[in-house]
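The values are calculated or read from the model by the stated rules, or taken from the named source; none is laboratory data. These numbers were taken from a predicted model, which means no experiment stands behind them. When we count neighbours, we look across all protein chains shown, and the Cβ atoms used for this are built from the backbone with ideal geometry, even at glycine.
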Amino acid sequence: MQAAARPDGQEIILSCKNMNRWFGGLHAMKGISMDMARGEILGLVGPNGSGKTTTVNAITGFFPPQRGDIHFGDTRLNSLRPHQIAQQGIARTFQNVALFKGMSVLDNILLGRHNFMKPSVLSAMLYWWSAQKEEVANRDKVEEIIDLLQLESVRDEMVDVIPLGTQKRVELARALAAEPTFLILDEPMAGMNQEEKEYMVRFILDAHQALGLTILLIEHHMDVVTAICDRLVVLNNGEKIKEGLPNEAISDPAVVAAYIGRVDRDAA
């Protein structure tokens, strides 16, 4: 099947059509549609509770849409479980740091290679011939990611003791270790100071360029999304209220109203 394309000729890698999701009586996603071109950085923004994380959870299979369709390339994702979606080349980070405490930075990143590890009794018995070769290959890939994100100085540190900004970088490294083609970043700069944000922006752009990634970015810092995103999709109350170029989207009256409330222009 030939890959779908936009009118401008860009190949569509992700297509979400009329996504709906209910949690009891709460209609959390109300007919959300969007698509992404290969290599694009798309910002998904909106006030708290607007449906951003619900949308990401739908794409990654944690809470699939009860109505609507999600296609990644030629593959329909609706019926796939999260680990099967990860095997399609989709990786994500989480809003709250989800590292394994009591483990080193290196070991946390190695866990991102789980889709490439094929343990068996036979390979364990033949460790020096088979399993060792696989382990070396996985470690070599992890070392490339450590170099890319400049984590050499903390590679052997326990993740419990490193700063939050570095923990977020380790979580990004673990996602990259899965060799994704499509990366979802859920508020990667939450809780960071300005210097840490600037470092993270640089590392995201470096990974995007070096690895040829398509990136879906959820972020509250508008200076970040306007600086690095090609387009924005803005949600409010589970609905898409705007899609377009970053500066155009954030200045739209409906978007301004969603963030700061409606202004009565006749008052005064």
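Residues in the stretch 17-71 that are basic (Lys, Arg) and surrounded by 20 or more Cβ atoms within 10 Å (Cβ to Cβ): 21, 52. Of all residues in the stretch 1-50, those being in a loop (DSSP other than H, G, I, E, B) and in contact with a helix residue (DSSP H, G or I) (Cβ under 7 Å, 6 or more places away or on another chain) number 2. Could you list, in sequence order, all residues of the stretch 225-243 that are buried (at least 20 other Cβ atoms within 10 Å of the Cβ), within 22 Å of residue 38 (Cα to Cα), touching a Leu at 6+ places or on another chain (Cβ under 9 Å) and not hydrophobic (A, V, I, L, M, F, W, C)? The one that is buried (at least 20 other Cβ atoms within 10 Å of the Cβ), within 22 Å of residue 38 (Cα to Cα), touching a Leu at 6+ places or on another chain (Cβ under 9 Å) and not hydrophobic (A, V, I, L, M, F, W, C): 242. Restricting attention to the stretch 246-255, does a residue exist that is assigned to a loop (DSSP other than H, G, I, E, B), surrounded by fewer than 18 Cβ atoms within 10 Å (Cβ to Cβ) and among the aliphatic types (A, V, I, L, M)? Checking the stretch 246-255: not a single residue is assigned to a loop (DSSP other than H, G, I, E, B), surrounded by fewer than 18 Cβ atoms within 10 Å (Cβ to Cβ) and among the aliphatic types (A, V, I, L, M). In the condition set (1) closer than 20 Å to residue 72 by Cβ; (2) among the aliphatic types (A, V, I, L, M); (3) more than 17 Å from the chain's Cα centre (by Cα), residue 185 is compliant with all but (3). Taking the criterion of being under 20 Å from residue 5 (Cα atoms) and β-branched (Val, Ile, Thr), the only residue of the stretch 36-58 that qualifies is 41.
Just one residue in the set 98, 91 is under 17 Å from the mean Cα position of the chain (by Cα), outside any loop (DSSP other than H, G, I, E, B) and within 30 Å of residue 192 (Cα to Cα); that residue is 91. Close contacts from the stretch 26-45, counting a first residue that is in contact (Cβ under 8 Å) with a residue 40 or more places away in the chain and a second that is among the basic types (Lys, Arg) and not in a strand (DSSP E or B), with Cβ to Cβ under 9 Å and a gap of 6+ residues or different chains, come to 37/6; 44/52; 45/52. Return a yes/no flag: does the stretch 157-177 have any residue that is in contact with a Ser or Thr (Cβ under 7 Å, 6 or more places away or on another chain), more than 26 Å from residue 87 (Cβ to Cβ), assigned to a loop (DSSP other than H, G, I, E, B) and modelled with pLDDT of 95 or more. Within the stretch 157-177 (the criterion being in contact with a Ser or Thr (Cβ under 7 Å, 6 or more places away or on another chain), more than 26 Å from residue 87 (Cβ to Cβ), assigned to a loop (DSSP other than H, G, I, E, B) and modelled with pLDDT of 95 or more), the answer is yes, since at least one residue qualifies. Of the residues making up the stretch 226-255, those that are within 24 Å of residue 176 (Cβ to Cβ), modelled with pLDDT of 95 or more and aliphatic (A, V, I, L, M) are 228, 232, 233.
Answer with yes or no whether residue 180 is over 17 Å from residue 218 (Cα atoms) and surrounded by 15 or more Cβ atoms within 10 Å (Cβ to Cβ). Against the criterion (over 17 Å from residue 218 (Cα atoms) and surrounded by 15 or more Cβ atoms within 10 Å (Cβ to Cβ)), residue 180 qualifies.
Residue check: residue 11 meets all listed conditions (1) of a type in the set (D, E, K, R); (2) touching a Cys at 6+ places or on another chain (Cβ under 9 Å); (3) without any contact (Cβ under 8 Å) to a residue 60 or more places away in the chain but one, namely (2). Go through the stretch 191-219 and give me each residue that's surrounded by fewer than 19 Cβ atoms within 10 Å (Cβ to Cβ), of a type in the set (Gly, Ala, Ser) and under 14 Å from the mean Cα position of the chain (by Cα). Of everything in the stretch 191-219, nothing turns out to be surrounded by fewer than 19 Cβ atoms within 10 Å (Cβ to Cβ), of a type in the set (Gly, Ala, Ser) and under 14 Å from the mean Cα position of the chain (by Cα).
Would it be correct to say that residue 29 is of a type in the set (A, V, I, L, M), more than 14 Å from residue 67 (Cα to Cα) and out of contact with any Asp or Glu (no Cβ under 8 Å at 6 or more places or on another chain)? No, not satisfied. Checking each residue in the stretch 186-199 for being in contact with a helix residue (DSSP H, G or I) (Cβ under 7 Å, 6 or more places away or on another chain) and within 22 Å of residue 38 (Cα to Cα) picks out 186, 188.
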